[in-house]
Amino acid sequence: AQTVTQSQPEMSVQEAETVTLSCTYDTSESDYYLFWYKQPPSRQMILVIRQEAYKQQNATENRFSVNFQKAAKSFSLKISDSQLGDAAMYFCATETSGSRLTFGEGTQLTVNP
Amino acid sequence: NAGVMQNPRHLVRRRGQEARLRCSPMKGHSHVYWYRQLPEEGLKFMVYLQKENIIDESGMPKERFSAEFPKEGPSILRIQQVVRGDSAAYFCASSPGDRSFYGYTFGSGTRLTVV
């Protein structure tokens, strides 16, 4: 069974600064995908960034980047130059051969002006 | 290019009634997934469907819940004889194929309240 753990229920960051959200996971599979989704108050689930496990290079999408440590089964999200619009619940998720996503419990990010 | 459309956005049902939640996937997407989000929790997988087929329903409660994705029309998640514990947000996602390289596109969810 897949498990995903987000150990930080809440995080806060000052506008324009950098914050890192932690995620660890457990899987017995060798081929899998990892995702970070953002859920603002509107409840819409928005894909932030994804990583293929077989790729050693960390994924980057503009101000968002990941630190993927496969051996440690760690997949943290770094948000640079934080903006007020980044405030949301962030979910880490894994996807394996069953085409199903396993989500963590989420980290509520607050951005302070 | 409309995204994944879910309706209704909010649904209130009395205990014992039936709830029907609808999901229209993105154009060109033939794979649909349903997830449930209980208050203060992450999303939990329920069922994975392709057109006219249930691929994986291992996350679906054995009783009262059913899902379909007919050849024509939206995918339907049906909950019979609802109970208070069914109150949650139900999300639908779609993808153009399995193991989607581009991730899954989610709808805005249906919040079901059982009173």
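Just so it is clear, none of the values below were taken in a lab; they were calculated from the coordinates. Since this is a predicted model, take the numbers as computed values, not measurements. Neighbour counts run over all protein chains shown; Cβ positions are idealised from the backbone, glycine included.
The mean number of partner chain beta-carbon atoms within 10 angstrom of a residue's beta-carbon across peptide A:80-93 is 1. Sequence-ordered 3J(HN,Hα) estimates for the range A:98-113 from the Karplus curve with 6.51, -1.76 and 1.60 and θ = phi - 60° stand at x, 6, 10, 9, 10, 9, x, 7, x, 10, 7, 9, 10, 10, 9, x Hz, glycine and proline given as x. Here is the size of the protein assembly as shown from its Cα atoms: Rg then Dmax, 17.6, 52 Å.
Other residues within the sphere of radius under 10 Å centred on the Cβ of B:ARG15, judged by their own Cβ, net out at +2 (K and R +1, D and E -1). Over all pairs of different C-alpha atoms, chain B has a mean inverse distance whose reciprocal, the Kirkwood radius, equals 14.1 Å. In this label model, B:GLU68 and B:GLU52 are separated by 1.3 nm, measuring between points 7 Å along each Cα→Cβ vector.
Evaluating 6.51 cos²θ - 1.76 cosθ + 1.60 at θ = phi - 60° for every residue in the range A:83-88, the Karplus couplings come out as 10, 4, x, 7, 5, 4 Hz, glycine and proline recorded as x. Per-residue shielding of B:85-95, expressed as the average number of other chain Cβ atoms within 10 Å of the residue Cβ, stands at 1. Calculated over chain A, the projected area of the Cα convex hull averaged across directions stands at 6.6 nm².
A simple packing score, the average count of other Cβ atoms within 10 Å per residue, orders the peptides A:9-15, B:87-93 as B:87-93, A:9-15, with the highest score first.
Legend: mean number of C-beta atoms from other chains within 10 angstrom of residue C-beta atoms, peptide B:30-36, equals 1.
Ordering B:ARG78, A:ARG43 from the fewest to the most neighbouring beta carbons within 10 Å gives B:ARG78, A:ARG43. Across the cross-link table entries A:LYS38/B:LYS62; A:LYS38/A:LYS73; A:LYS78/B:LYS44; A:LYS55/B:LYS51; B:LYS44/B:LYS71, which are compared at the Cα atoms, the separations over 23 Å belong to A:LYS38/B:LYS62; A:LYS78/B:LYS44; A:LYS55/B:LYS51; B:LYS44/B:LYS71.
Close amide H pairs (under 5 Å, H built 1.01 Å from N) link A:GLN8 with A:SER22, residues at least 5 positions away or on another chain. Whole angstrom only: what separates the Cα centroid of the range A:1-74 from the Cα centroid of the range B:48-69? With the range A:1-74 and the range B:48-69 each reduced to a Cα centre, they are spaced 28 Å. The phi-based Karplus calculation (6.51 cos²θ - 1.76 cosθ + 1.60; θ = phi - 60°) puts the 3J(HN,Hα) values of the range B:19-32 at 10, 10, 10, 10, 9, 9, x, 4, 4, x, 9, 10, 10, 10 Hz, whole numbers, x for Gly and Pro.
Taking 4.7 Å between beta carbons as the limit, the protein assembly as shown has no unpaired Cys residues.
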